[in-house]
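The values are calculated or read from the model by the stated rules, or taken from the named source; none is laboratory data. Values in this document were obtained by computation on a predicted structure and should not be read as measured data. Cβ coordinates were reconstructed from backbone atoms using ideal geometry, including for glycine residues, and neighbour counts include every protein chain displayed.
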Amino acid sequence: MTPGRPTLETVAQAAGVSAMTVSNAYNRPDQLSEETRARVLAVAKELGYAGPDPAGRSLRTRRAATIGVLLTEQLPYAFADPGLVSFLHGLASGLADAGQALLLVPTEGNAEHAHVRNALVDGFVLTSLVPGHPAVVDVLGRRLPVVSWGQPKIPGVPRICVDNARAAAKAARHLLDLGHTSFGVVTFGDSAAPLPYAHAADADAAGVTDGDGHPDAPARVPGVQLGMRARVSGFLRALHAGGVDPASVSVVAAARNSRAAGREAAARMLADRRPTAVFGVTDVLALGTLDAAAGAGIDVPQQLSVVGFDDVAAAAASVPPLTTVAQSLFDQGRLAASVVLDQVAGRPVRIPPIRTEVVVRGSTAPPV
């Protein structure tokens with residue numbers, strides 16, 4: 001065996017062919033006879049040559065055949081949040097159909113954002129990051145195709161997002177139609193302190209808006225994602241329109257978007273003041289609310305109705321099955337793949353409206 005690390009030229013010399021022939025054996029096999037290609041690959045295997053350097057190939061073609069996904073959390077979170085998992089599943093499916101790969105790029109633990117600056121990708125998908133986030137600045141600075149998913153809207157960047165406020169209003173109207181008059185909301189943020197709430201008129205007067213351009217009373221609370229604030233405000237505004245004073249609604253914030261944190265926050269709410277209906281701004285928090293109700297001996301839906309948001313797989317499998325505002329996160333992932341690849345190819349981008357609907361299951365019923 002030839003000493004040192006074998007190269008394309010090493011294989012060419014040993015096989016008695018040109019360097020171009022070796023390159024074609026890997027990159028353009030249709031240019032060679034089966035016999036010649038088999039002989040070149042056999043020599044390469046004997047020498048321990050694994051093939052052309054992918055980084056070098058990317059420099060030559062100016063394509064990495066990979067799309068980077070900028071995550072808002074640490075990398076393990078991508079595998080723990082069922083909503084994000086559904087979106088990434090759809091994104092990976094769309095990219096795989098196009099022969100592309102996916103690279104997860106976390107913003108946490110990223111010294112000087114080297115992950116972003118050094119990522120060998122053709123474009124980026126941003127997941128719910130504010131425009132001024134340093135990692136977003138780095139992404140935009142690379143001048144690659146970009147699409148954002150969720151809140152907020154970044155100027156000049158195509159966005160895939162449901163109208164969170166209007167979708168959450170559907171949950172409120174469902175509960176109002178059932179006859180409920182006492183409500184609670186479980187959201188999440190950096191702390192478990194209760195969120196402020198106000199009449200829609202107060203938010204209008206203050207000129208506070210969410211990422212969808214709607215008035216948003218809780219918008220000034222730091223650490224709560226814009227999309228979640230929009231869901232809270234949309235729910236409260238719909239209650240106000242239905243004759244319920246938003247100031248009478250118990251709104252609690254879980255420490256994070258997890259089932260355990262949702263259970264803890266909901267347990268505090270139910271121990272302090274028991275509403276007859278609770279809206280969880282995500283299915284994960286709503287499932288935690290079901291756990292809290294079970295732990296307190298509260299029957300769902302006879303004594304408490306619970307509505308979630310997203311329609312993740314666990315929603316239909318819960319006991320009782322969870323009523324939820326459904327949005328197809330998988331389809332949104334596939335759409336994100338299509339949009340970013342259209343940009344890479346220089347094709348025009350079109351993003352259709354994302355529809356939502358209330359899927360009624362066993363966790364809601366008229367109040368007793």
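So which residues in segment 1-39 are among the small types (Gly, Ala, Ser) and either modelled with pLDDT under 85 or in contact with a helix residue (DSSP H, G or I) (Cβ under 8 Å, 6 or more places away or on another chain) (or both)? Those that are among the small types (Gly, Ala, Ser) and either modelled with pLDDT under 85 or in contact with a helix residue (DSSP H, G or I) (Cβ under 8 Å, 6 or more places away or on another chain) (or both): Gly4, Ala12, Ala14, Ala15, Ser18, Ala19, Ser23, Ala25. Counting only residues that are within 43 Å of the chain's Cα centre (by Cα) and either free of Cβ contacts under 8 Å to residues at least 40 places away in the same chain or in a helix (DSSP H, G or I) (or both), segment 6-44 holds 13 of them.
Go through segment 117-137 and count every residue that is modelled with pLDDT of 80 or more and either within 17 Å of the chain's Cα centre (by Cα) or farther than 25 Å from Ala98 by Cβ (or both). Explain how you work it out, then say what you get.
Residues of segment 117-137 modelled with pLDDT of 80 or more: 119-127, 134-137.
Now drop any that are not either within 17 Å of the chain's Cα centre (by Cα) or farther than 25 Å from Ala98 by Cβ (or both), which leaves 123-127, 134-137.
Matching residues across segment 117-137 total 9.
Pick from segment 310-366 the residues that are among the β-branched types (Val, Ile, Thr) and in a loop (DSSP other than H, G, I, E, B): which of them is surrounded by the most Cβ atoms within 10 Å (Cβ to Cβ)? Break it down into steps so the answer makes sense when it comes.
Pass one, segment 310-366, residues among the β-branched types (Val, Ile, Thr): 312, 319, 323-325, 339-340, 344, 349, 351, 354, 356, 358-360, 364.
Adding the requirement that they be in a loop (DSSP other than H, G, I, E, B) leaves 312, 319, 349, 351, 354, 356, 360, 364.
Values: Val312: 25, Val319: 10, Val349: 12, Ile351: 14, Ile354: 16, Thr356: 22, Val360: 14, Thr364: 23.
Per the criteria, the residue is Val312.
Pairing each residue of segment 148-165 that is over 23 Å from Glu357 (Cβ atoms) with any residue that is among the polar types (S, T, N, Q) and modelled with pLDDT under 90, provided the two are 6+ apart or on different chains, yields C-beta distances under 9 Å for Ser148/Thr127; Ser148/Ser128; Pro152/Ser128. Scanning segment 174-188 for residues that are in a loop (DSSP other than H, G, I, E, B) and farther than 18 Å from Val358 by Cβ yields Thr181, Ser182.
A single entry from Ala114, Ala101, Ala42 fulfils the requirement of being closer than 23 Å to Leu144 by Cα, out of contact with any Phe, Trp or Tyr (no Cβ under 9 Å at 6 or more places or on another chain), outside the structural domain of Asp310 (by TED's automatic domain parsing) and modelled with pLDDT of 90 or more: Ala101.
Taking residues in segment 317-338 that are under 21 Å from Gly280 (Cβ atoms) and among the aliphatic types (A, V, I, L, M), and partners anywhere that are modelled with pLDDT under 95 and in a helix (DSSP H, G or I), the pairs with Cβ atoms closer than 6 Å and at least 6 places apart or on different chains are Leu329/Gly83; Leu329/Ser86; Leu329/Phe87.
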